[in-house]
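Read-outs throughout are calculated quantities, based only on the coordinates presented, and are distinct from any laboratory measurement. Note that the coordinates shown come from a computational prediction; the quantities given were computed from them, not determined experimentally. Positions of Cβ are backbone-derived with ideal geometry, glycine not excepted, and every protein chain shown enters the neighbour counts.
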Amino acid sequence: LEGYLTVRESLELYAGYYEAPGDIDQVIGLVGLEDKADSRAGKLSGGQQRRLDVGIALVGDPELLFLDEPTTGFDPAARRAAWATIRRLQELGKTVLLTTHYLDEAQALCDRVAIVKDGRILAEGPPATLGSAASHYRVTWTDERGETQTREESDPTGLLHQLTSGALAR
């Protein structure tokens, strides 16, 4: 049924489930579907359908919004548009809980980040503090005596320069 409805009709349908829904035109503008408002949902591109999904989530005017991997599979332009939508939600005072595998996305959009592995929080805090603290590199090489050496570095550039210079000199 939803594929036969227009974007506007789809949002009106879902708005009917709420006592005090958001303004349909505002939601359409927020998710960037103004030029598709009268298009059938079934004819939208994949990225546009994802934006309609966000619009359906927003039409109830929630205070808290969960977005699970909202930009997975997006091309760069669609990804930038999704980021702009998420920023507009933040400007409206909405709390957005975002899951992502993209570190750049978390750094660009989040005030706080939790790194989760196997259901456990490994690190949590502002993105800037996690990016530098969490970046450790293990460099392993065989020295001139044939012995294996290993060092952990937060910035391995100097060590790699030293190793390659030594190798070139030999």
5 Å is the cut-off here: which amide hydrogens, built 1.01 Å from N in the peptide plane, fall below it relative to G22, excluding neighbours closer than 5 in sequence? G60, D61
In whole Hz and in residue order, list the ³J(HN,Hα) couplings for region 7-24 that follow from phi through the Karplus curve 6.51 cos²θ - 1.76 cosθ + 1.60, θ = phi - 60°; x for Gly and Pro. 4, 4, 4, 4, 5, 5, 4, 6, 4, x, 7, 10, 5, 9, x, x, 5, 4
Sorted by chain and number, the residues with a modelled amide H under 5 Å from that of A123, at a separation of 5 or more or across chains, are I115
If each K or R counts +1 and each D or E counts -1, the residues other than A37 whose Cβ falls under 14 Å of its Cβ total -2
Scan around V96 for amide H atoms under 5 Å from its own, H built in the peptide plane at 1.01 Å from N, and keep only partners 5 or more places away or cross-chain. L65
Charges at C-beta only: +1 for Lys and Arg, -1 for Asp and Glu. How large is the resulting dipole of region 22-170 about its Cα centre, in Debye rounded to 20? 280
Identify, among L122, A15, V96, the residue whose Cα sits farthest towards the positive end of the charge dipole of the chain, taking +1 on the Cβ of Lys and Arg and -1 on the Cβ of Asp and Glu, with the dipole about the Cα centre. L122
Applying the Karplus parametrisation 6.51 cos²θ - 1.76 cosθ + 1.60 with θ = phi - 60° to the phi angles of region 57-66, what ³J(HN,Hα) value in whole Hz is obtained for each residue in order, glycine and proline being reported as x? 5, 7, 5, x, 6, x, 7, 10, 10, 9
In order through region 116-124: 3J(HN,Hα) via Karplus (6.51 cos²θ - 1.76 cosθ + 1.60), integer Hz, x for Gly, Pro: 10, 9, 6, x, 10, 7, 8, 7, 8
